[in-house]
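Shown next, in structure tokens, is the structure this report addresses.
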Amino acid sequence: MDKKIGLYICTGCGLEEALDINALTAVGNEEKVAVCKTCQQLCSKEGKELIKQDIENGEVNAVAIAGCSFRVNYDVFDFGPEILVERINLREHVVWTHTPNNEDTQMMAEDYIRMGMAKLKRMELPEPYVPEEEVVKTIMVVGGGLTGMTAALESAKAGYKTVLVEKENKLGGWAANLYKMAPVTEPFTEIADNYIPDIIKEIEANSNITVYTSSKVITTEGAPGMFYVTINQGSKEISEKVGSIVQATGAKPYEPENLGHLGYGKSDKVITQAMFEEMAKNGKLSGVEKIAFIQCAGSRDENHLPYCSAACCVESLKQSLAFKGINPKGIVYIFYRDIRSAGQYEHFYEKAQESGVNFIKYAEIDDVAENSGKMVITLDDVILGEKVEASDFDLVVLANGMVSTASFGEEMVEESEEDEKQDSESQESIANKPPVIQADILNLQYRQGPEIPILKHGFPDSNYICFPYETRRTGIYTAGSVRAPMDLLETREDATGAALKAVQCVENVSVGMALHPRSGDLSFPEFNMNRCTQCKRCTEECPFGAINEDEKANPLPNPTRCRRCGVCMGACPERIISFKNYNVPMVGNMIKNIEIPEEDEEKPRILIFACENDAIPALDMAGINKYSYNAWVRIIPVRCLGSLNLIWINDAMSKGFDGVLLMGCKHGEDYQCHFMKGSELAEYRLSKVSETLDRLGLESERVKATQVTIMDYDKIPQMIEDFTEEIDELGPNPMKDFQ
Amino acid sequence: MATRLDPNLKNELEEFGVKDLEKCYQCGLCTGVCPLSSNDDPFPRKMVRYAQMGLKDKLIASPEPWLCYYCGECSDFCPREANPGETMMALRRYLTAQYDWTGISKRFYTSHVFEIFSVIGFALLIGLGFLLFAGSNPDMQQARLSTFVETHVIEYLDILMAVVLSAFLLSNVYRMIKFQMGDLLQKVPLSMYMSEVKELILHFLTQKRFSECSDKRMWYIHLLIMTSYTLVFLLVVGLLSGIGGRLPAFQTDEVRSFFHIYNLIGYYATFGLLFGTSYAMIGRIRKNRAIYQFSHATDWMFLILLWLTALTGILIHIFRVIGGDGMPAATYIVYTLHLMVAVPMLVLEVPFAKWSHLAYRPVTIVVTNVKKKYENSIKFSTPAASDESQSA
């Protein structure tokens, strides 16, 4: 199909006042577009109609909009799946950030038009990947506790067939053993009876849910839409084909044997929260007059669990109120470091206070000892700043925290063969690959290991802020206390969220759409296998384990596992991986179409590769706030800095750019990369290219990687200014002469 | 030895009016907003904490409740509505009861029956006294109090009462000092106290510390009541017969000129007491300030007795002088009523309840000053002493 490009230049939002629109039209005509039109307000009904008319008349089948950022009005400029659309940002990136009616500003706008044209010329309409085999929409939930049951119910209620796998012989999990439960409805002050039996009944009554108790998953193969799961139930082996998976295997209490310093094991009057529940249930609390709860027993303790277990405070509040229910005259002390009764549970805390529970904030528990049949607790009181003693306790309950079920097992060690040692450099590039613990839960038949990778403290979470439930294995979602410590109320919410994600997964996969975070993207990576050198970089560096490999190390892509970040494209030294609408030559062409002024014009040029997820929004916000920055820069958005192929640096340098700045997401412990470690990878790759640059006589300082979070928009002008100053000091790119 | 936690003290404190103690989660905002709290003697948070933890010994030794004048800002700002100001108020009641060795204070504060019956009992006793001993033939033509009761008898009884009540009050004050000083009581030389006498008088007369609260209004009201009360107290106890006639007698049958100094003082005191107590009573009814949110039975008793005392006091004056000859019967009856109200108020409130604050507050200021001075003197003298020992 011949591409008939229509270039539409918007003159609203200050563009007309700041730019020579006729000159821009001239650039369009130089690029031999089929149609080149201007409009006062393209996003208006008339503006859209103008474009629609041209499309309907068959004059145009690819549209370039020169106006605002692609982050706005994307719904307005959607002309259906048959029409390619490219957005040239002359508003936020040009007129709102640069001097109006200025030569440099005009040059910038013209360059962006050329870049847009080059991009559009290299773009193809994506054809969605639909697997040959049938995509199923069944959702499998592993773990039949409160989280798992809630996830199963939510999926089933949404109309999806659901398979629920539980290793015990009955559903209910941890919560089934509780005597009373913390409130789940307003006013959040009254303890509730155990509601697990009701949920089990609801599950049993739902015909969409198939329950396998006394069962475990032996193997999970395949990809979203077509996972093949083998379930072992006693002597039976059951095969299920499912579309997506929710892992809700929960957590286990922290081993109390490790809490000898709090008296556990030394006196049978020191018990765990679970033991309290059992005693309460069996009526063994009569005769207990004075009871102590010690919070953070193991949690927030570098020698035990470095994290807050999140649920214990609310549980202890509940247990103290339950105890008050059994013995209204009983005396309760809660020794705590911080009461963390999040959200509505503040009311529950207040209720406990009003019920006469004594709260004592400790810095350190010095001793828990038995003295003539009663327990004595000695501690460092934070507020008084002195030693405090409380005595005559009949029972001491340790709030012993939780440990993710995903953290039990050996850490997977990568087998490195002798002949691969030479390749240790590429191994290093992914040195901080997240650990996979062989916890024997999903038993994935993935090249990258059998379970979901761990983020920290044994919890297989993905990203701390943006994407709850998302794991680093597409189509598999974690929910509840397996992924992060949380209380029962939170797990229910979590289960619902994960169920929705699982639903989104099967729906998107069935039509070839990408999942989060590029949900709706129809492109997918294609491999030109003729030129593959079996270097394995794509399989190694894919953050989502999407690419398997055969015994000859040929990559075997699983497109439904792919999140379309393009990290594989950036990794491939042979540049055999491309997307229809995002590929190496496309960006290469954009670079080549930027006009580089002669050296004596003293107009240096700096190329910025900016991550679409954080840096581009930050740049746009700089524009919205009218923060002005240096006009030497030209910005190319990338899906992820990890998709940056080093050849682009090469292209930029040989084209005569004086510097290249990479703007990627924040990495490190609280990383914000949507694709786990894209910006980190880019920085690593850059360290490799700098040697090459030095060899060529080009200072490696000309290429620099920075981290930009979305809130750094006010720092952008200074960042750019600092870099241009550095480049200015280095002088012009010597390669300019060879143009 | 570690400090012992006591879960039962809370219940005891509640009898003295401690409220919402358990709501406090120790954020410290109360101490932060308090203009009187200092780093050395921070409150109210510390006191609330002691109370929550049941640290009776620490509470009794604490000067802080007397350093607070209850402007109510802490309660206004408390995010948990734990009413720290009221806790301080209730702690003052508790401490008053603890200082008092007779046990009357405790009963007065914790038993409504005792409170009401003791007041009524005393009143009836006074009334009975008048029935039995008042002049059998009072002048019914002209209001002449000397024909109803002999001034010097009243004066003797006045002085007797002053001595007895002072003895009770001072013994309680001594106990307070003992609690607050602890081990230091024997160590601090008397001269150190003496050097603070000026401060004692200043604080007693002006309640200067109170003026440091952000809202000055309460200080003015308090000062008004205080000065009125003190002036009229001097007239009634000291100058009833003009110290044996050396000065004009306060209680006389003559009709003084309107501008006579005693009259002016009397009018001022009447206005001060009636206005001040009415203001407080209306506030307590309307609950328009933090300090008026919660009214202990003894707060009402105090205000009502004071109000009635002032009212009957001025009525005596009016009935005595009205129309030249006055209204004799009304004068004598109101006089009796006046004493039936004033005596129980003084007997109960001065050593055992609210009036004792007048002594506890300034003394506490002095004691904390002395304590600080002494501790500083120790701190600065110790290194010198060790130098000496080294050179020796």
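The values are calculated or read from the model by the stated rules, or taken from the named source; none is laboratory data. It should be emphasised that the depicted structure is a prediction, and the values quoted were computed from it without experimental measurement. Neighbour counts are summed over all protein chains in view; Cβ atoms, including those assigned to glycine, are modelled from backbone coordinates with ideal geometry.
Taking the stretch A:347-365 on its own, how many of its residues are on the phi < 0 side of the Ramachandran plot and facing chain B (nearest Cβ under 10 Å)?
Restricting attention to the stretch A:347-365, the residues satisfying the condition of being on the phi < 0 side of the Ramachandran plot are A:347-355, A:357-365.
Those still in the list that are facing chain B (nearest Cβ under 10 Å) too: A:349-350, A:352-355, A:357-361.
Residues meeting the conditions: 11.
For a quick check of your reading of the model, give me the residue pairs whose first member lies in the stretch A:654-678 and is without any contact (Cβ under 8 Å) to a residue 60 or more places away in the chain, whose second is assigned to a helix (DSSP H, G or I) and among the acidic types (Asp, Glu), with beta-carbon atoms closer than 6 Å and at least 6 apart or on different chains.
Correct list of pairs: A:His667/A:Glu680.
Given the options A:Val229, A:Val246, A:Val288, A:Val314, name the one that is in a helix (DSSP H, G or I) and of a type in the set (A, V, I, L, M).
On the way: A:Val229 fails: in a helix (DSSP H, G or I); A:Val246 fails: in a helix (DSSP H, G or I); A:Val288 fails: in a helix (DSSP H, G or I).
After applying the criteria, what remains is A:Val314.
Test of understanding: among A:Arg518, A:Arg483, which residue is assigned by TED's automatic domain parsing to the domain that holds A:Ser462 and either buried (at least 19 other Cβ atoms within 10 Å of the Cβ) or under 17 Å from the mean Cα position of the chain (by Cα) (or both)?
Answer to the check: A:Arg483.
Give me the residue from the stretch B:86-120 that is of a type outside the set (A, V, I, L, M, F, W, C) and without any contact (Cβ under 8 Å) to a residue 12 or more places away in the chain and, out of that set, surrounded by the most Cβ atoms within 10 Å (Cβ to Cβ). Talk me through it step by step, then tell me what you get.
Going through the stretch B:86-120, the residues of a type outside the set (A, V, I, L, M, F, W, C) turn out to be B:86-87, B:92-94, B:96, B:98-100, B:102-103, B:105-107, B:109-112, B:115, B:118.
Filter once more, so that each one left must be without any contact (Cβ under 8 Å) to a residue 12 or more places away in the chain: B:103, B:106-107, B:111.
Numbers: B:Gly103: 10, B:Lys106: 20, B:Arg107: 16, B:Ser111: 14.
Of everything passing the filter in the stretch B:86-120, B:Lys106 is surrounded by the most Cβ atoms within 10 Å (Cβ to Cβ).
Look at A:Leu164 and say whether it is free of Cβ contacts under 8 Å to residues at least 60 places away in the same chain, crowded, with 23+ Cβ neighbours inside 10 Å, of a type in the set (A, V, I, L, M) and over 30 Å from A:Lys4 (Cβ atoms).
Numbers: free of Cβ contacts under 8 Å to residues at least 60 places away in the same chain: yes; crowded, with 23+ Cβ neighbours inside 10 Å: yes; of a type in the set (A, V, I, L, M): yes; over 30 Å from A:Lys4 (Cβ atoms): yes.
It is true that A:Leu164 is free of Cβ contacts under 8 Å to residues at least 60 places away in the same chain, crowded, with 23+ Cβ neighbours inside 10 Å, of a type in the set (A, V, I, L, M) and over 30 Å from A:Lys4 (Cβ atoms).
Given (1) modelled with pLDDT under 95; (2) closer than 20 Å to A:Thr105 by Cα, where does A:Asp20 come up short, assuming only one miss?
It is condition (1) that A:Asp20 fails.
Here is a check on your reading of the model: is A:Tyr112 surrounded by 19 or more Cβ atoms within 10 Å (Cβ to Cβ), touching a residue at least 60 places away in the same chain (Cβ under 8 Å) and assigned by TED's automatic domain parsing to the domain that holds A:Ile441? Reasoning before the result, please.
On the way: surrounded by 19 or more Cβ atoms within 10 Å (Cβ to Cβ): yes; touching a residue at least 60 places away in the same chain (Cβ under 8 Å): yes; assigned by TED's automatic domain parsing to the domain that holds A:Ile441: no.
Answer is no for this residue.
Considering only residues that are more than 7 Å from every other protein chain (Cβ to nearest Cβ) and aliphatic (A, V, I, L, M), which ones fall in the stretch A:385-398?
A:Leu395, A:Val396, A:Val397, A:Leu398
Inspect the stretch A:480-495 for any residue being free of Cβ contacts under 8 Å to residues at least 60 places away in the same chain and of a type outside the set (A, V, I, L, M) and give the result as yes or no.
yes
B:Val232 fails exactly one of the following numbered conditions: (1) of a type outside the set (Lys, Arg); (2) surrounded by fewer than 19 Cβ atoms within 10 Å (Cβ to Cβ); (3) part of a helix (DSSP H, G or I). What is the number of that condition?
(2)
Look through the stretch A:80-108, keep the residues that are in a helix (DSSP H, G or I) and charged (D, E, K, R), and return whichever of them is surrounded by the fewest Cβ atoms within 10 Å (Cβ to Cβ). Before the answer, list the steps.
Taking the stretch A:80-108 and keeping what is in a helix (DSSP H, G or I), we get A:91-95, A:103-108.
Still in the list and also charged (D, E, K, R): A:91-92, A:103-104.
On the way: A:Arg91: 23, A:Glu92: 25, A:Glu103: 10, A:Asp104: 14.
Here the answer is A:Glu103.
Just for the stretch A:185-199: of the residues that are under 32 Å from the mean Cα position of the chain (by Cα) and not in a loop (DSSP other than H, G, I, E, B), which one is surrounded by the most Cβ atoms within 10 Å (Cβ to Cβ)?
A:Ile196
Residues that are in contact with an Asp or Glu (Cβ under 7 Å, 6 or more places away or on another chain), assigned by TED's automatic domain parsing to the domain that holds A:Met275 and under 25 Å from A:His457 (Cβ atoms), at least 3 per element: which strands (runs of 3 or more DSSP E) completely within the stretch A:330-402 meet that?
Strands (runs of 3 or more DSSP E) meeting the threshold: A:358-371.
Does A:Leu698 qualify as being part of a strand (DSSP E or B) and of a type outside the set (Lys, Arg)?
Considered against the rule, which asks whether it is part of a strand (DSSP E or B) and of a type outside the set (Lys, Arg), A:Leu698 comes out as no.
For (1) surrounded by fewer than 21 Cβ atoms within 10 Å (Cβ to Cβ); (2) farther than 29 Å from A:Ile191 by Cα; (3) at pLDDT 95 or above; (4) touching a Phe, Trp or Tyr at 6+ places or on another chain (Cβ under 6 Å), each residue gets a yes or a no:
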site: A:Ser214; (1), (2), (3), (4): yes, yes, yes, no
site: A:Gly225; (1), (2), (3), (4): no, yes, yes, no
site: A:Val229; (1), (2), (3), (4): no, yes, yes, no
site: A:Val246; (1), (2), (3), (4): no, yes, yes, yes
site: A:Leu259; (1), (2), (3), (4): no, no, yes, no
site: A:Lys290; (1), (2), (3), (4): yes, no, yes, yes
site: A:Phe293; (1), (2), (3), (4): no, no, yes, no
site: A:Tyr307; (1), (2), (3), (4): yes, no, yes, no
site: A:Gln319; (1), (2), (3), (4): no, no, yes, yes
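Assess whether A:Leu379 counts as being more than 30 Å from A:Leu455 (Cα to Cα), crowded, with 19+ Cβ neighbours inside 10 Å and more than 14 Å from chain B (Cβ to nearest Cβ).
In short, no.
Quick one: which of A:Ser407, A:Ser426, A:Ser462 is at pLDDT below 90 and over 19 Å from the mean Cα position of the chain (by Cα)?
Criteria check complete, one pass: A:Ser426.
Taking the stretch A:582-598 as the region of interest, how many residues are in a helix (DSSP H, G or I) and not β-branched (Val, Ile, Thr)?
So the answer is 6.
Residue check: is A:Leu178 out of contact with any Gly (no Cβ under 8 Å at 6 or more places or on another chain) and surrounded by 23 or more Cβ atoms within 10 Å (Cβ to Cβ)? First the steps, then the outcome.
Numbers: out of contact with any Gly (no Cβ under 8 Å at 6 or more places or on another chain): yes; surrounded by 23 or more Cβ atoms within 10 Å (Cβ to Cβ): yes.
The answer is yes for A:Leu178.
Is there any pair with a first residue in the stretch A:623-638 that is under 17 Å from A:Met711 (Cα atoms) and a second that is buried (at least 17 other Cβ atoms within 10 Å of the Cβ) and basic (Lys, Arg) whose Cβ atoms are under 7 Å apart and which are 6 or more apart or on different chains, and what are they?
Pairs found: A:Gly623/A:Arg91.
Counting residues that are crowded, with 18+ Cβ neighbours inside 10 Å and within 12 Å of chain A (Cβ to nearest Cβ), which helices (runs of 4 or more DSSP H) fully inside the stretch B:1-85 reach at least 1?
Correct list: B:9-15, B:29-33, B:45-53.
A:Cys39: without any contact (Cβ under 8 Å) to a residue 40 or more places away in the chain, in contact with a Leu (Cβ under 7 Å, 6 or more places away or on another chain) and not acidic (Asp, Glu), yes or no?
Spelling it out, A:Cys39 is indeed without any contact (Cβ under 8 Å) to a residue 40 or more places away in the chain, in contact with a Leu (Cβ under 7 Å, 6 or more places away or on another chain) and not acidic (Asp, Glu).
Quick check on this structure: which one of B:Ser257, B:Ser191 is without any contact (Cβ under 8 Å) to a residue 40 or more places away in the chain, assigned to a loop (DSSP other than H, G, I, E, B) and surrounded by fewer than 18 Cβ atoms within 10 Å (Cβ to Cβ)?
B:Ser257
Could you list, in sequence order, all residues of the stretch A:489-506 that are crowded, with 24+ Cβ neighbours inside 10 Å, farther than 29 Å from A:Glu540 by Cα and not charged (D, E, K, R)?
A:Thr491, A:Ala495, A:Ala499
Given (1) more than 9 Å from chain B (Cβ to nearest Cβ); (2) surrounded by fewer than 18 Cβ atoms within 10 Å (Cβ to Cβ), identify the lone condition not met by A:Val368.
Result: A:Val368 fails condition (2) only.
Given the condition of a type in the set (A, V, I, L, M, F, W, C), in a helix (DSSP H, G or I), crowded, with 19+ Cβ neighbours inside 10 Å and touching a residue at least 24 places away in the same chain (Cβ under 8 Å), answer yes or no: does some residue in the stretch A:123-140 qualify? I'd like the intermediate steps shown before the answer.
Step one: of the stretch A:123-140, the residues of a type in the set (A, V, I, L, M, F, W, C) are A:123, A:125, A:130, A:135-136, A:139-140.
Add one more test, that the residue is in a helix (DSSP H, G or I), and what stays is none.
No: the stretch A:123-140 contains no residue that is of a type in the set (A, V, I, L, M, F, W, C), in a helix (DSSP H, G or I), crowded, with 19+ Cβ neighbours inside 10 Å and touching a residue at least 24 places away in the same chain (Cβ under 8 Å).
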